[in-house]
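Here's the structure, in structure tokens; my notes come after.
Just so you know, all these numbers are worked out from the coordinates, no wet-lab data involved. Computed from a prediction, not measured in an experiment: that's the story for all the values here. Positions of Cβ are backbone-derived with ideal geometry, glycine not excepted, and every protein chain shown enters the neighbour counts.
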Amino acid sequence: MGLYLPILYGTVRTERKSIRVAEFVLERLSHRPDVETRLFDPRDLPFGNLTHREWEWKDAPGPVGAFVAEMARADGFVVVTPEYNRGYPGTLKNLFDHLYDEWGRKPFGLIGAGGMYGGVRAIEALRVVVGGIGGIPIPSEIAVIQVGTNFAEGGPTSDREGWERRLDQFLGELEWYARALQNARRADGGSTP
Ligand SMILES: Cc1cc2nc3c(=O)[nH]c(=O)nc-3n(C[C@H](O)[C@H](O)[C@H](O)COP(=O)(O)O)c2cc1C
């Protein structure tokens, strides 16, 4: 049985550099057999500050329904986010807050991109939030230090093999959890807590 592991990207900043990491993850994830993926960019989604949750939204714009359907059929997620002021962007929090059931009992692989600390504080903050929406943050994580110099369009600026190895290992772990939880959800008919 195949897995659907979409990538959720965290920022709409005009000069954003972390998108390079998200695109590199997309490339590596696309190579994995039996895995379907897609990059969701908040620039293409109509989620601003939360005024009502997705199911309370009357006459929701078309992309909302399509996004919810994609999240519902997902088996797990990779989150790629920059670190802003020791946290993650509000854009990402708003995206999470608009939905709920779609995240439940699914694994989240967290990737941070930042300056000196590589986004580790954004990752730590996200671990709490992912728990809050009923998801399961996997133990492994990837922190990209000085993303503006270590990544260019097309991927890492040096040691590409090393980055590919680390990322593939991380994605392999996410896949393990996604498969285990997919089996468990199927076994009990896909109930939510
Ligand atoms: C508002 C703002 C706050 C930031 N705060 C941090 C921070 O706390 N820690 C860090 O490592 N980098 C920080 N950075 C640097 C970003 O991590 C850096 O811009 C990096 O390129 C990733 O973000 P980007 O995808 O928006 O470019 C900050 C950047 C911005 C725009």
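In a simple Cβ point-charge model (Lys, Arg +1; Asp, Glu -1; nothing else charged), segment 1-74 has a dipole of about 260 debye relative to its Cα centre. Identify which of Pro137, Pro107, Pro46 has the largest mean-square fluctuation in a Gaussian network model of the chain, with springs joining Cα atoms closer than 10 Å. Sorting by GNM fluctuation, first place goes to Pro46.
About its Cα centre, the dipole of the chain is roughly 300 debye, where the only charges are +1 on Lys and Arg Cβ and -1 on Asp and Glu Cβ. Taking every DSSP beta bridge that has both ends in segment 37-167, the antiparallel portion is near 20%.
For segment 9-73, just say rounded, prolate or oblate: build the C-alpha gyration tensor, square-root its eigenvalues into a ≥ b ≥ c, call rounded for a/c under 1.5, and beyond that prolate if a/b exceeds b/c, oblate if not. Cα axes put segment 9-73 in the oblate bin.
Per-residue ellipticity at 222 nm computed for the chain from its helices equals -13000 deg cm²/dmol, with DSSP H segments shorter than 4 residues left out and the rest contributing -39,500 (n - 2.57).
For Lys17, the aspartates and glutamates whose Cα comes closer than 14 Å to its Cα, not counting residues fewer than 8 places off in the same chain, are Asp41, Glu83, Glu153. Please identify which residues in segment 71-92 have an amide N closer than 13 Å to a label point set 7 Å out from the Cα of Met116, following the Cα→Cβ vector. The answer is 86. Return the single residue from Glu141, Glu83, Glu164 with maximal mean-square fluctuation; model: Gaussian network over the chain, springs between Cα atoms under 10 Å. Ranking Glu141, Glu83, Glu164 by mean-square fluctuation puts Glu164 first. Since only Phe24, Phe96, Gly76 are under comparison, the one whose Cα sits farthest along the positive direction of the charge dipole of segment 1-101, derived from C-beta charges on Lys, Arg, Asp and Glu, is Phe24. Remark on Glu36: its backbone amide H falls under 5 Å from those of Leu3, Tyr4, Leu5, a criterion applied only to residues 5 or more positions apart or on other chains, H modelled at 1.01 Å from N. Taking a quarter of the surface of the Cα convex hull of segment 35-193 gives a mean projected area of 10.1 nm².
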